[in-house]
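Reviewing the structure listed below.
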Amino acid sequence: MNVPRKLVPAMTAMVLVCAAAFGLTPLVRSQTQGDLTKYTVGKEKSGYVYATPTTRAMEDDDFQNPGSLWVDKGKALWSTVDGSAAKSCQSCHNAAATSMRGVGAAYPKYDAKIGRVIDLEQRIGLERERMGATPWAWESDELLAMTTYIKTQSRGMPVNVSIDGPARATYEAGKTFYQTRLGQLDMSCQQCHVQNNNHLLRTEILSQGQTNGFPTYRLSWQALGSVQRRFRECNANIRAEPLAYGSPQYVALELYLAEVGKGLPVETPSVRK
Amino acid sequence: MAETVESRLRVPATAKKGEIIDIKTLISHPMVSGQAKDASGKTIPRDIINTFTCTYNGKQVFAMKLEPAISSNPYISFPVRVDASGTFDFQWVDDNGQVYKDSAPITVS
């Protein structure tokens, strides 16, 4: 074969990549990094189980985990005085390590005062209004940092949402959304994440789409992002119109997914590809 | 997190003389590659951390030139042999000429 010498290493690499993609890689990754049993509850598996050992190592090392930058920022914001009431989160809630322990694991949650289910981001927005401060915009560094900081206080605790009573209807709405085909590809969430999870989609192993690790640092985003950013991306992938941040359907979907993954440990901030 | 660049360091507080220690650094920086275009089709100018240096008691012990393919929030880790107590000074310089500095002391016995 008359191939320019420069191309040979590239071609060898391509052959190796192809070999890896077709059959040589075990579908559930090996246990070379991290204790996978911690991330499996019954049939439910966290995205951690599907991640590569290097990504897992990055998540497990608190220092190397880039999500820790947002945790640090959230910690600083926790005690920053803002708004007309001249208060910080800390003025009322004291140390987050004790007051916020377990809080993030229970969201989305039904709020009796406003009469609907809200997620953690919306709860932070409402608290900001009570402080007389402007709520942070969705996906702003501040909101991501605070959500991550609060949720990381529940790290390792099982996801523990409630779908009893008035939250039930929202759960059902989320379930319907999960099963509804959408977009030009006419696909529903469950076609990938239930019927085909653990199978290859091109070179990627489809996970169950669990939400216990959000907000998550995705290497493809090069940034931390909320679960709703992921929903929007999934919707765009099936060529459906992504919904607005904080829309009722997405909050319902959050509740449904949290209920499905009940018992999985909160991993925030997780690291994913 | 371009507006508030934060750095994190992990340097052991103490070490034995002649010991090889691991130093870890992480800095929040968007590392804009200069390849992307904005909505109006204009190239977003490159803004990456282009050099990282570490000096120990004023003497350079590690330096690195960074290229556009390096991801945002670069994590840099390297080993250093320590012979005397002193201070590690770290410096990141980006394309806008901004300099980010951090330092950490170590006691060598």
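The values are calculated or read from the model by the stated rules, or taken from the named source; none is laboratory data. These numbers were taken from a predicted model, which means no experiment stands behind them. Reconstructed Cβ throughout: ideal geometry from the backbone, glycine too, with neighbour counts over all protein chains shown. Remember, those area values only see protein heavy atoms, side chains included, never the ligands or the DNA or RNA. Shrake-Rupley method; radii C 1.70, N 1.55, O 1.52, S 1.80 Å.
The table below gives the values:
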| quantity | calculated |
| --- | --- |
| Taking the C-alpha atoms of region A:44-169, convex hull volume expressed per residue in Å³ | 128 Å³ |
| Reference-scaled alpha-carbon Rg (2.2 N^0.38 Å with N residues) for region A:144-270 | 1.04 |
| Accessible surface ranking that places the most exposed of A:Glu121, B:Glu19 first, with a 1.4 angstrom probe | B:Glu19, A:Glu121 |
| Within 10 Å of each Cβ in A:58-71, the average number of Cβ atoms from other chains | 4 |
| A:Trp221 accessible area, assembled protein chains, probe 1.4 Å, Å² | 30 Å² |
| Simple Cβ-charge dipole of the protein assembly as shown, Lys/Arg +1 and Asp/Glu -1, about Cα centre, in debye nearest 20 | 600 debye |
| Estimated Rh, region B:1-96: Kirkwood, alpha-carbon pairs, angstrom | 14.9 Å |
| Base-10 log of normalised Debye intensity for region A:157-207 (one unit scatterer per alpha-carbon) at q = 0.26 Å⁻¹ | -0.96 |
| Ratio of Rg to Rh over region A:207-253 (Cα coordinates, Kirkwood Rh, two decimals) | 0.95 |
| Neighbour-limited loop hits for trypsin sites (Lys or Arg not before Pro), region A:35-141 (at most 10 other Cβ within 10 Å; DSSP other than H, G, I, E, B) | A:Lys43, A:Lys113 |
| Solvent-accessible area of A:Leu243 with every protein chain in place, 1.4 Å probe, in Å² to the nearest 10 | 40 Å² |
| Relative counts (whole %) of C-alpha pair distances in region A:182-237, using bins that are 5 Å wide | 5, 16, 24, 29, 20, 6 |
| Helix-only [θ]222 nm of the protein assembly as shown, DSSP H runs n ≥ 4, -39500 (n - 2.57) each, per residue, nearest 500 | -8000 deg cm²/dmol |
| Efficiency of FRET from Cβ geometry, A:Leu200 and A:Gln90, R₀ 35 Å, rounded to 0.05 | 0.15 |
| Distance violations [Cα-Cα > 28 Å] among A:Lys273/B:Lys59; A:Lys87/A:Lys151; A:Lys151/B:Lys65; A:Lys45/A:Lys109; A:Lys75/A:Lys109; A:Lys73/A:Lys109 | A:Lys273/B:Lys59; A:Lys151/B:Lys65 |
| Listed residues B:Tyr100, A:Tyr178 arranged by accessible area, highest first, probe 1.4 Å | B:Tyr100, A:Tyr178 |
| Unit charges on C-beta of K, R, D, E only; dipole of region A:163-273, Debye | 260 debye |
| Area of A:Thr54 that stays accessible when all protein chains are in place (1.4 Å probe, Å², to 10) | 110 Å² |
| Geometric extent, Cα atoms of the protein assembly as shown - Rg, Dmax (angstrom) | 23.1, 76 |
| Virtual spin-label span in nm between A:Ala106 and A:Lys38, 7 Å along Cα→Cβ | 2.4 nm |
| Chain A: angle of helix A:120-130 to the longest principal axis, Cα-based, in degrees nearest 10 | 30 degrees |
